[in-house]
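Worksheet: the structure to be examined is printed underneath.
Derivation of every value follows stated rules applied to the coordinates shown; laboratory data play no part. Since the structure is predicted, the reported quantities are computational estimates derived from the model, not experimental observations. In this analysis, Cβ positions are derived from the backbone assuming ideal geometry, glycine residues included, and neighbour counts consider all displayed protein chains.
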């Protein structure tokens, strides 16, 4: 089974077992709804959990899982990531992609291989981290630089200006 990261556990919250979660999905109300099955990755193992309750608090999610309604049961999950089954992702409109779909794509500038997308970073704007054996290049994921994305062939064509390489 393949997994997609949807959250990161920052800390515990209170003594009832709630976890403070940094949301990494555009669909928190769906991903963290009651009875939703999620997976917490701990020690390289994906542990299945069921959402009992979720609420928003100061820009974070507070999530309570069934059977883990005590701080002593959830402290071990601090700094762990939360995943969903890859088959549960929504189909996005044409031209929109999940970050995990972009990772691993080979990037070409004027048909010249630059490297492979190792990470997609979000901040002021989305940036592709592209690596090859010699260097690392950061390319903003904006129309000015991205010419074509072909997920089925794991290829991205860019049009970079002088100074990027």
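Mind checking the full-extension length gain between residue 132 and residue 73? Use 0.36 nm per residue of separation minus the Cα-Cα distance, one decimal, nm. Before the final figure, lay out each step's value.
Numbers: separation 59, 0.36 × 59 = 21.24 nm, distance 4.27 nm.
Between residue 132 and residue 73, full extension yields an extra 17.0 nm.
Between residue 116 and residue 159, what is 0.36 nm times their sequence separation minus the Cα-Cα distance? Round to one decimal in nm.
13.9 nm
Show that you can apply the helix-only estimate: for the chain, add -39,500 (n - 2.57) for every DSSP H stretch of four or more residues, divide by all residues, and state [θ] at 222 nm to the nearest 500. Before the final figure, lay out each step's value.
Numbers: 3 runs with 12 residues, N = 165.
That comes out to -1000 deg cm²/dmol.
Note the listed values (1) 56, 30, 29; (2) 47, 37, 36; (3) 47, 31, 29, then indicate which one is Cα extents along the principal axes in Å calculated from this particular structure.
(1)
Based on the mean of other Cβ atoms within 10 Å per residue, sort peptides 93-101, 36-44, 17-25, 5-13 so the most packed one is first. Intermediate values should be presented prior to the final figure.
Values: 93-101: 11.7, 36-44: 14.8, 17-25: 20.7, 5-13: 18.3.
Ranked from most to least packed, the peptides come out as 17-25, 5-13, 36-44, 93-101.
Looking at the calculated P(r) for segment 93-142, what percent of the C-alpha pair distances fall above 13 Å? Walk me through the intermediate numbers first.
On the way: 708 of 1225 pairs.
Counting every Cα pair in segment 93-142, those more than 13 Å apart make up 58 percent.
Could you calculate the contour length gain from residue 147 to residue 50, that is, 0.36 nm times the residue separation minus the distance between their Cα atoms, to one decimal place in nm?
On the way: separation 97, 0.36 × 97 = 34.92 nm, distance 4.12 nm.
So the extension gain works out to 30.8 nm.
Let me make sure I get this right: for segment 3-87, a, b and c are the square roots of the gyration tensor eigenvalues over alpha carbons, sorted descending. Under 1.5 in a/c it's rounded, otherwise prolate if a/b > b/c, else oblate. Which is it? Don't jump to the answer; show the numbers that get you there.
Working: a/c = 1.41, a/b = 1.14, b/c = 1.24.
It is rounded, given that a/c, with a ≥ b ≥ c, falls under 1.5.
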